[in-house]
Amino acid sequence: RKEVEQDPGPFNVPEGATVAFNCTYSNSASQSFFWYRQDCRKEPKLLMSVYSSGNEDGRFTAQLNRASQYISLLIRDSKLSDSATYLCVVNPLTGGGNKLTFGTGTQLKVEL
Amino acid sequence: DGGITQSPKYLFRKEGQNVTLSCEQNLNHDAMYWYRQDPGQGLRLIYYSQIVNDFQKGDIAEGYSVSREKKESFPLTVTSAQKNPTAFYLCASSNRGRGDTEAFFGQGTRLTVV
């Protein structure tokens, strides 16, 4: 089983739609979770951290479900500019150190 | 400005040659990472380092080597033993510990073997 798994997509959605991505992780001891956004041929950039209580930033909401070992990202009122690949990142903090592990990413295409 | 810098942006190498990719950060981060990304794929971890003079193999370390002689620098050497080195290489850094461990990335190096 992969350490971090995501549905690769693509998710093709109309502008204004709400779209949700899930990401599952295998290490139940994982401590830190993030969502990154990557545009074509660019480096990934942090979208948001994922906290145990869930967190929201404008149209974006991230949640963590430790019991089922998954994190989610919800995008409301999607814009054309949201088209990108969304990467789930888990830090299992192995042996007291960091080992940031990425999922393969979910591609989102927002269309008119 | 604080940040992480990779150089060069594009690199062409003849088959059979070693090549070293540079990664420098002035964010005062302890942890640094090298990832490889192939077209349409996610990021795969090559090597990572938690502290100066220490580093660990990631998931695809074969054919690569690193050093961490300074906190700011984490160069990656792609050796001739790497069978398929053409890829997009990304360096990142982060704090250590349980909080604020998000990674900051350089702009990447596109390596092409000709």
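The values are calculated or read from the model by the stated rules, or taken from the named source; none is laboratory data. All values reported here derive from a predicted model rather than from experimental measurement. Every residue, glycine among them, receives a Cβ derived from its backbone with ideal geometry; neighbour counts consider all protein chains shown. Only protein heavy atoms, including side chains, enter the accessible area calculation; ligands, DNA and RNA are left aside. Shrake-Rupley method; radii C 1.70, N 1.55, O 1.52, S 1.80 Å.
Assign unit charges at the C-beta atoms only (+1 for Lys and Arg, -1 for Asp and Glu), then state the dipole size of the protein assembly as shown relative to its Cα centre in Debye, rounded to the nearest 20.
Taking the Cα centre of the protein assembly as shown as origin, the dipole is about 420 debye.
Taking 4.7 Å between beta carbons as the limit, the unpaired Cys residues of chain A are A:C40.
Summed over both chains, the area buried between B and A is near 1900 Å², taken from the accessible surface of protein heavy atoms with a 1.4 Å probe. Each 10 Å bin, from zero up to the one with the longest distance, holds this percent of the alpha carbon pairs of the stretch A:1-91: 16, 51, 29, 4. Other residues lying with their Cβ under 14 Å from the Cβ of A:C23 contribute a combined charge of +1, Lys and Arg counting +1, Asp and Glu -1.
In chain A, which longest range has no trypsin sites (Lys or Arg not before Pro) that are both DSSP loop (not H, G, I, E or B) and surrounded by at most 10 other Cβ atoms within 10 Å? List each step's numbers first, then the result.
Working: sites that count: A:R1, A:R41.
Here the longest segment lacking exposed loop sites spans A:42-112.
Spin-label model, A:Y51/A:R1: points 7 Å from Cα along the beta carbon direction are separated by 2.8 nm. For A:K99, a cut-off of 17 angstrom between C-alpha atoms picks up these aspartates and glutamates, skipping any fewer than 8 places away in its own chain: A:E3, A:E5, B:D30, B:D54, B:D59, B:D100, B:E102.
Only Cα pairs under 8 Å and at least 6 apart count here; give the relative contact order of chain A as a rounded whole percent. Walk me through the numbers before you get to the answer.
On the way: 277 pairs, mean separation 41.1, N = 112.
Computed over chain A, the figure is 37 percent.
Annotation: lysines with alpha-carbon distance below 17 angstrom to B:K14 (same-chain offsets under eight excluded): B:K83. Extent along the principal axes, Cα only, for chain B: 41, 26, 26 Å, with the longest axis given first. Per-residue mean of foreign Cβ neighbours for A:100-106 is 6 (Cβ atoms of other chains, 10 Å radius). Kindly list the residues of the stretch B:57-91 that lie in the label zone of B:S22, defined by a backbone N under 13 Å from the point 7 Å along the Cα-to-C-beta vector. Those under the cut-off are B:73-76.
Percent of alpha carbon pairs in the stretch B:62-109 separated by more than 16 Å?
Details: 603 of 1128 pairs.
Summing the P(r) tail past 16 Å for the stretch B:62-109 gives 53 percent.
Subtracting the Cα-Cα distance of A:S81 and A:T61 from their residue separation scaled by 0.36 nm leaves 5.5 nm. Measuring with a 1.4 angstrom probe and ignoring ligands and nucleic acids, B:T5 comes out at about 90 Å² accessible.
Relative to one another, the C-alpha centroids of the stretch A:1-70 and the stretch B:1-44 are positioned 24 Å apart. Taking label points 7 Å from Cα along the Cα-to-Cβ direction, A:A17 and B:Q107 give a separation of 3.4 nm.
Taking the alpha carbon gyration tensor of the protein assembly as shown, multiplying each eigenvalue by 5 and rooting it gives semi-axes of 29, 21, 15 Å, largest first.
Temperature 25 °C, viscosity 0.890 mPa s: under these conditions the Stokes-Einstein estimate for the stretch B:1-43, based on its Kirkwood radius over C-alpha pairs, is 190 µm² per second.
Given R₀ = 25 Å, what would the calculated FRET efficiency be for B:Q41 paired with A:Q31, taking r from the Cβ atoms and rounding to 0.05? Each step should come with its number before you reach the end.
Working: r = 26 Å, r/R0 = 1.03.
About 0.45, to the nearest 0.05.
Give the calculated FRET efficiency between B:T79 and A:C40 to the nearest 0.05, with a Förster radius of 30 Å applied to their Cβ-Cβ distance.
After rounding to 0.05, the efficiency reads 0.55.
Order the following by accessible area, largest value first: B:D30, B:D38. Probe radius 1.4 Å; ligands, DNA and RNA are ignored.
Values: B:D30 50, B:D38 25 Å².
Order by accessible area, largest first: B:D30, B:D38.
Within 10 Å of the Cβ of each residue in B:43-54, the mean number of Cβ atoms contributed by other protein chains is 3. Placing unit charges on each Cβ (+1 for Lys and Arg, -1 for Asp and Glu) gives the stretch A:53-112 a dipole about its Cα centre, and among A:L100, A:L64, A:L112 the Cα reaching farthest toward its positive end belongs to A:L100.
For A:K109 and B:Y10, FRET efficiency with R0 = 25 Å and r from the beta-carbon atoms, rounded to 0.05? Could the numbers behind the result be given before it?
On the way: r = 27 Å, r/R0 = 1.09.
It comes to 0.35.
By a 1.4 Å probe calculation restricted to protein chains, A:C23 has an accessible surface near 0 Å², given to the nearest 10.
Around the amide H of B:A31, modelled in the peptide plane, lie the amide H atoms of B:S94, B:R96, all under 5 Å away and 5 or more residues distant in sequence or on another chain.
In this Cβ point-charge picture (+1 for Lys and Arg, -1 for Asp and Glu), the stretch A:36-85 has a dipole of about 100 debye about its Cα centre.
Determine the shielding of peptide B:63-72 by partner chains: average, over its residues, the number of Cβ atoms on other chains within 10 angstrom of each Cβ. Don't skip to the answer; put the middle values down first.
Numbers: counts 0, 0, 0, 0, 0, 0, 0, 0, 0, 0.
Counting other chains' Cβ atoms within 10 Å and averaging over B:63-72 gives 0.
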